[in-house]
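The values are calculated or read from the model by the stated rules, or taken from the named source; none is laboratory data. Note that the coordinates shown come from a computational prediction; the quantities given were computed from them, not determined experimentally. Cβ sites come from the backbone with ideal geometry, for glycine too, and all protein chains shown count toward neighbours. These area figures cover heavy atoms from the full protein model, side chains too; ligands, DNA and RNA do not enter into them. Shrake-Rupley method; radii C 1.70, N 1.55, O 1.52, S 1.80 Å.
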2 protein chains.
Amino acid sequence: MKVIVITIGDEILIGQVVDTNSAWIGQQLAYLGVAVSEIKTIKDNNQSIKKALEYGISEADIIIFTGGLGPTKDDITKISLAEYMGVDMVFDQGTYDRIVDIFVKFGRPIKESHKHQCFMPTNATLLENRMGTAPGMLFDFQNTMIVSMPGVPYEMKAIMADHLLPMIAKQIPIDQKIYSRTIMTAGEGETTIEENISPIIDLLPNTISVAYLPSLGSVRVRVTGRGEINTIKSIVDHAINQMSAVLGDIVYALDGISLSQAIMQLCIEKNIWVGTAESCTGGFISHRITSDPGSSSYYVGSLVTYTNELKHQLLGVNNKTIEQFGAVSEQTVIEMANGGLKVLGSDIVISVSGIAGPSGGSEEKPVGTIWMCIANKKEHFAFRINATKDRKKNIEYAGNVALNALRKFILKHY
Amino acid sequence: MKVIVITIGDEILIGQVVDTNSAWIGQQLAYLGVAVSEIKTIKDNNQSIKKALEYGISEADIIIFTGGLGPTKDDITKISLAEYMGVDMVFDQGTYDRIVDIFVKFGRPIKESHKHQCFMPTNATLLENRMGTAPGMLFDFQNTMIVSMPGVPYEMKAIMADHLLPMIAKQIPIDQKIYSRTIMTAGEGETTIEENISPIIDLLPNTISVAYLPSLGSVRVRVTGRGEINTIKSIVDHAINQMSAVLGDIVYALDGISLSQAIMQLCIEKNIWVGTAESCTGGFISHRITSDPGSSSYYVGSLVTYTNELKHQLLGVNNKTIEQFGAVSEQTVIEMANGGLKVLGSDIVISVSGIAGPSGGSEEKPVGTIWMCIANKKEHFAFRINATKDRKKNIEYAGNVALNALRKFILKHY
């Protein structure tokens, strides 16, 4: 099955809006084992839409349009599609009734312009939109399945989930089903991971594929099988178990759970409370942790000590330590962590101090030099990383490394 | 000038990565008054790249490729381009020397595979990449300007800024120049802003356009003119002055400066030190502030007190206050701010406490109820906002509102 996704919208072409719809559609179809072969973003005018439709019909089995169906966009998409297919527009009472219902419920006035919204190409099958007023539309034209949906992300997602994904899943032959699982790792690069699991991969049938998805400080390993569902499920599950065993403690979770979520599960299970003492990460680790709902079950808070005075005053870091070794040093992060344990009262504290950049570096400690420490009342583990010259990347990378070190510290000592 | 942007990468088509490069390119070209007419994302194989190139040549004056030039992607892009144009590949000693320099500096070994990276199509003009090892390439082929750049965002941006944007700017005819300025506002919606400035807009010639770019808690107003540069410059500058005067203190800066950067300028100028005492924002405000290089010149740090115990213990919030009014209350945020002033020693403290969600809401205080306070030793200003049900949005929105309240507090009292 060849799929082209076409996003309609000038606001994307001039960079006001980043097109996240296409990525989401690509991901959902990939889960079904259907690959998008091209994504196109075009202007929202009649000519561009017709041209893209013509291109899509010549190239693909399925064309998915998003954007250009809302009340303000003046229905350019559906008129252009109808004109290209040579069909008329007809008033759809059902759509109008739904709009009236919604507007009455919210006490908003119905305008004459809402009637325009209800004219649909005569050959369209309407796909109900439970999140908005404009329904999706499905066409079967010249052996191509053409779908058109609003550009509002949650409306598009609802129509995809309710109608389109089940429809496409059904079209996949019984012996061509897809089953996919993911191993979440942190702390090793793609190359090392690949070396470790390649003996397992070598023994897999060629219906199973393995992909590496790296990001700052972590790599996801996705194992996907295609075939008869029970057969591939047992092969993929077995491979996931074998790989997890070989990879050991760099595996922090399976199947899409984030590092901070994995830590939350671990801490709640073991009744561990965590706090942070941050300097160069400036509250980012705390922000990462508290972005997860439920984090108040294990996280107490953070002392973001951006000045040396606060490191001394709040965390009890000795002024002499800072003088002698510097604020970015093993000694300082150890004292920060110990101070944090006392002041925050948590079981474990993460401390971080480094040179995020772009300035502040020296020959001995260039930009990107970051020290961190994980400590409880008995043990501590301090180490240094050498990150990049990019301030934002350094902050994010240091946060990921610190969270992974916390996870390993818990596994070792609890 | 017709421009097509082509992004190469399977990882975008399967939704692993969102294509932010194209949006950035669209934006930068829009500033020059050049509109991107189409964005295409294609597979990273020889056939797809050649086909996209053929399509681009038939449609556009400028084709901008990103992606597929790194050391791991095996140079598929440049080989495909060279094959399509019928030219050979030649080893470029300069590129190899640069790679060797960089690797020696970082003490990493040079591999044989790095030599492959240095073969370039004979008709390519190389564009230096100061952020990485793979240079950009420029071709003049069949009356089309073809550019190919790495997909790593900061490398692509450096090549665009250093080479491509100046080159394209020069090609714009003298009477078609673009001049654009932006008013940065926070605290009012698009509709109110439009109402206030519409008398000014009505008097502008039709060579001048006005666009509104809203985001969480702020709206940017962009005024763009096209024509002879001195004429449009004086009209746009005059309009910007008039609009700024009418909009008053919702304007926090001109021309792309962020809210936190505007606050940094203000604080450094007036010698004000700022600290934060955060609960529901969990360190996000601190993270926003410390993401700016130079923030250590006015920001001391944050007490992220996620538990009630720490609000009491670190910030001195009275336990009775929390019992009687709750942790999310005017009284609590006032006491948090006052406690922060004492402990952090800064001139001003921002405090925030709210229900970020998804759980924790009640009839009286639903999810999205957020109290905040800005205080110095003499004055305080506490207020409540009602945000959404979405945790991440609430955190971000509360951060933006708090920063804008800080700015207004400084303007009023300093």
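With charges set only on the Cβ (+1 for Lys and Arg, -1 for Asp and Glu), what does the dipole of the protein assembly as shown come to about its Cα centre, in debye to the nearest 20? Working shown, then result.
Working: 74 positive and 86 negative charges, 347 e Å.
I would put it at about 1660 debye.
Quick one: label points 7 angstrom along Cα→Cβ at A:ASN45, distances to the other copies in nm, smallest first?
Those label-point separations list as 3.5 nm.
Can you give the calculated 222 nm mean residue ellipticity of the protein assembly as shown, where each DSSP H run of n ≥ 4 adds -39,500 (n - 2.57) and the sum is split over every residue, rounded to the nearest 500 deg cm²/dmol?
Numbers: 32 runs with 348 residues, N = 828.
That comes out to -12500 deg cm²/dmol.
What does the net charge come to around B:ILE178 if you take all other residues with beta carbon closer than 12 Å to its beta carbon, with K and R at +1 and D and E at -1?
On the way: positive: B:LYS177, B:ARG181, B:ARG222, B:ARG226, B:LYS233; negative: B:ASP175, B:GLU228.
Neighbour charge sum, excluding B:ILE178 itself: +3.
Once the label point is placed 7 Å from Cα along Cβ, list for A:PRO153 the distances to the corresponding points in the other copies, in nm, shortest first.
1.4
Could I get the Rg over Rh figure for region A:153-236? Both from C-alpha atoms, Rh via Kirkwood, rounded to two places.
Values: Rg = 16.0 Å, Rh = 14.8 Å.
The Rg/Rh ratio comes out at 1.08.
How many percent of the accessible area of chain A is carbon or sulfur, using a 1.4 Å probe?
Solvent-exposed carbon and sulfur of chain A make up 51 percent of the total.
List the distances, in nm and shortest first, from the label point of A:GLY316 to the matching label points in every other copy, placing each point 7 Å from Cα along the Cα-to-Cβ direction.
List, nearest first: 2.1 nm.
Averaged across orientations, what area in nm² does the convex hull of the alpha carbons in the protein assembly as shown project? Intermediate results must be reported in sequence, preceding the final value.
Numbers: hull surface 150.0 nm².
If you wrap the Cα atoms of the protein assembly as shown in a convex hull and average its projections, you get 37.5 nm².
What does the charge dipole of chain B about its Cα centre add up to, to the nearest 20 debye, if the Cβ of each Lys and Arg holds +1 and the Cβ of each Asp and Glu holds -1?
Working: 37 positive and 43 negative charges, 170 e Å.
Using only the charged Cβ atoms, the result is roughly 820 debye.
In a Debye calculation with equal point scatterers on the alpha-carbon sites of chain B and no solvent, what is log10 I(q)/I(0) at q = 0.10 Å⁻¹?
Result of the Debye calculation: -0.88.
Listed here are the pairs A:LYS43/B:LYS170; A:LYS392/B:LYS377; A:LYS377/B:LYS320; A:LYS50/B:LYS2; A:LYS43/B:LYS43; which of them are more than 28 Å apart at the Cα? Intermediate values should be presented prior to the final figure.
On the way: A:LYS43/B:LYS170 26 Å; A:LYS392/B:LYS377 33 Å; A:LYS377/B:LYS320 31 Å; A:LYS50/B:LYS2 18 Å; A:LYS43/B:LYS43 22 Å.
In this structure, A:LYS392/B:LYS377; A:LYS377/B:LYS320 lie more than 28 Å apart at Cα.
May I ask you to derive the FRET efficiency for A:LYS50 and B:THR207 from their Cβ-Cβ distance with R0 = 30 Å, giving the value to the nearest 0.05?
Details: r = 30 Å, r/R0 = 1.02.
For A:LYS50 and B:THR207, the calculated efficiency is 0.50.
Only four residue types carry charge here, +1 at the Cβ of Lys and Arg and -1 at the Cβ of Asp and Glu. Report the dipole size of region A:321-389 about the Cα centre in Debye, rounded to the nearest 20. Mind dumping the intermediate values first?
Numbers: 6 positive and 7 negative charges, 35 e Å.
Dipole size: approximately 180 debye.
Considering Cα pairs under 8 angstrom that are at least six residues apart, work out the relative contact order of region A:194-279 and quote it in whole percent.
Values: 51 pairs, mean separation 17.4, N = 86.
The value is 20 percent.
Kindly identify residues of region B:7-27 having a loss of at least 40 Å² in accessible area between the isolated chain and the assembly of all protein chains, probe radius 1.4 Å.
B:LEU13, B:ILE14, B:GLY15, B:GLN16, B:VAL18, B:ALA23
Taking the Cβ of A:ARG288 as the center, what net charge do the other residues with Cβ under 12 Å away carry, scoring Lys and Arg +1 and Asp and Glu -1?
Working: positive: B:LYS392; negative: A:GLU278, A:ASP292, A:GLU396.
Net charge around A:ARG288: -2.
Sorted by packing (mean other beta-carbon atoms within 10 Å per residue), highest first, where do B:401-412, B:187-198 land?
Values: B:401-412: 20.0, B:187-198: 14.7.
Result, highest mean first: B:401-412, B:187-198.
List for region A:250-295: residues with 40 Å² or greater reduction in accessible area, all protein chains versus chain alone, probe 1.4 Å?
Those residues are A:GLY282, A:HIS287, A:THR290, A:SER291, A:PRO293.
How much FRET efficiency would the formula 1/(1 + (r/R0)^6) give for B:ASP61 and A:THR125, where r is the Cβ-Cβ distance and R0 is 25 Å, rounded to 0.05? Don't jump to the answer; show the numbers that get you there.
On the way: r = 40 Å, r/R0 = 1.61.
In this case the efficiency is close to 0.05.
I'd like to check one number: the per residue accessible area of the protein assembly as shown, probe 1.4 Å, reported in Å² as a whole number.
43 Å²
Can you work out the FRET efficiency for the pair A:SER215 and A:GLN265, with r the C-beta to C-beta distance and R0 = 22 Å, to the nearest 0.05? Mind dumping the intermediate values first?
Values: r = 20 Å, r/R0 = 0.93.
That pair, A:SER215 with A:GLN265, gives E of 0.60.
Quick check: net charge around A:GLY368, other residues with Cβ under 11 Å of its Cβ, Lys/Arg +1 and Asp/Glu -1?
Value of the local net charge: +4.
What's the ranking of A:362-369, A:5-12, B:325-332 by average number of surrounding C-beta atoms within 10 Å, highest first? Spell out each step's value before the answer.
Details: A:362-369: 15.2, A:5-12: 23.5, B:325-332: 19.4.
Per-residue Cβ counts within 10 Å, averaged per peptide and sorted highest first, yield A:5-12, B:325-332, A:362-369.
For chain B, what are the DSSP H helices with axial Cα length of 27 Å or more and mean Kyte-Doolittle hydropathy of at least -0.5? Spell out each step's value before the answer.
On the way: long enough: B:391-413 (33 Å, -0.47).
Passing helices, by number: B:391-413.
Any idea of the total accessible area buried by the A-B contact, 1.4 Å probe, rounded to 100 Å²?
The buried area between A and B, both sides summed, comes to about 4600 Å².
Could you pull the Cα extents of region A:79-126 along its three principal axes, largest to smallest, in whole Å?
Principal-axis extents of the Cα atoms in region A:79-126, largest first: 38, 18, 12 Å.
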